[in-house]
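First the structure, in the form of structure tokens, and then the observations on it.
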């Protein structure tokens, strides 16, 4: 592969000099890079756009660009502190380069008290939030608010995959049971085995006595159903009642637009009309 030659180019508008790389193609024509705000580079040859790629995710003949070159270009656009903030926001799920820039500049323009309050909230979440020692839901104490509530029916345990599932179920205001958070689902291809979840702790809770029913509320997909079936095989010998959340036609829908899977669940899970 041909080597890259590096040089500095000034900007007529008075911007700081930026390091760019020029590479002669096999045909001998030179392609020139255009630096775009937020760490994107667009390579053009005449009017044809060759690629639009993130500096740290280049491929093909662009892969030889050194990391130091990327860092140099980014630091020439922002100050180091602002560049670090943009980079951290960009690591959040669903946040692209432009959104990261907007968030960073919002924080920069915000009142100091508002920005520091956000930083303190993030710090508190990482320092104070832990797992409930009984159900493994999120909590700031040894027991979460649900497990410590004497009004809850502790004879019924609802098994969910994640703490956010607890939040969704609680918002219905129809649940008076307690929960058990598995921490995910069994997925061998992803390296998640039963021992990586809190299945053993669930079995111990049931064996301790006082549990009449276990409600399986894992996600209605292949991974969730597989996890539920595995737990069911472990709980059956204990003689506890095992149920799962009902599936079928959602309220307000019509049969015409329901999928085959939804109709199958509705048919097999039909209930007496009261």
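FYI, it's all coordinate maths here, none of it is from the lab. Source: prediction; values computed, not measured. FYI the Cβ positions are ideal-geometry reconstructions off the backbone, even for glycines, and counts take in every protein chain you see.
Fewest first, what order do 105, 89 take by the number of other Cβ atoms within 10 Å? Please report the intermediate quantities before stating the final value.
Values: 105 14, 89 19.
If I rank by nearby Cβ atoms, fewest first, I get 105, 89.
Distance between the C-alpha centers of the stretch 124-169 and the stretch 236-263? Whole Å please.
Using only Cα atoms to place each centre, the spacing works out to 25 Å.
Mind sorting 95, 199 by how few other Cβ atoms lie within 10 Å of their own Cβ, fewest first? Let's see the in-between values first.
Working: 95 15, 199 21.
The order, fewest Cβ neighbours first, is 95, 199.
Taking 0.36 nm per residue of separation and subtracting the Cα-Cα distance, what length does fully extending residue 145 through residue 230 add? Can you show the working numbers first?
Details: separation 85, 0.36 × 85 = 30.60 nm, distance 2.87 nm.
Roughly 27.7 nm would be gained on extension.
When the chain is fully extended, how far beyond the present Cα-Cα distance does residue 219 get from residue 88, taking 0.36 nm per residue of separation?
Details: separation 131, 0.36 × 131 = 47.16 nm, distance 3.11 nm.
Extra length from residue 219 to residue 88 when fully extended: 44.1 nm.
For the pair residue 95 and residue 254, what calculated FRET efficiency results from E = 1/(1 + (r/R0)^6), where r is the Cβ-Cβ distance and R0 = 35 Å, to the nearest 0.05? Please list the in-between numbers first.
Working: r = 38 Å, r/R0 = 1.08.
The formula returns an efficiency of 0.40 here.
Between residue 207 and residue 176, what is 0.36 nm times their sequence separation minus the Cα-Cα distance? Round to one decimal in nm. Display every interim value, and only then the final one.
On the way: separation 31, 0.36 × 31 = 11.16 nm, distance 2.13 nm.
Stretched out fully, the residue 207 to residue 176 stretch lengthens by 9.0 nm.
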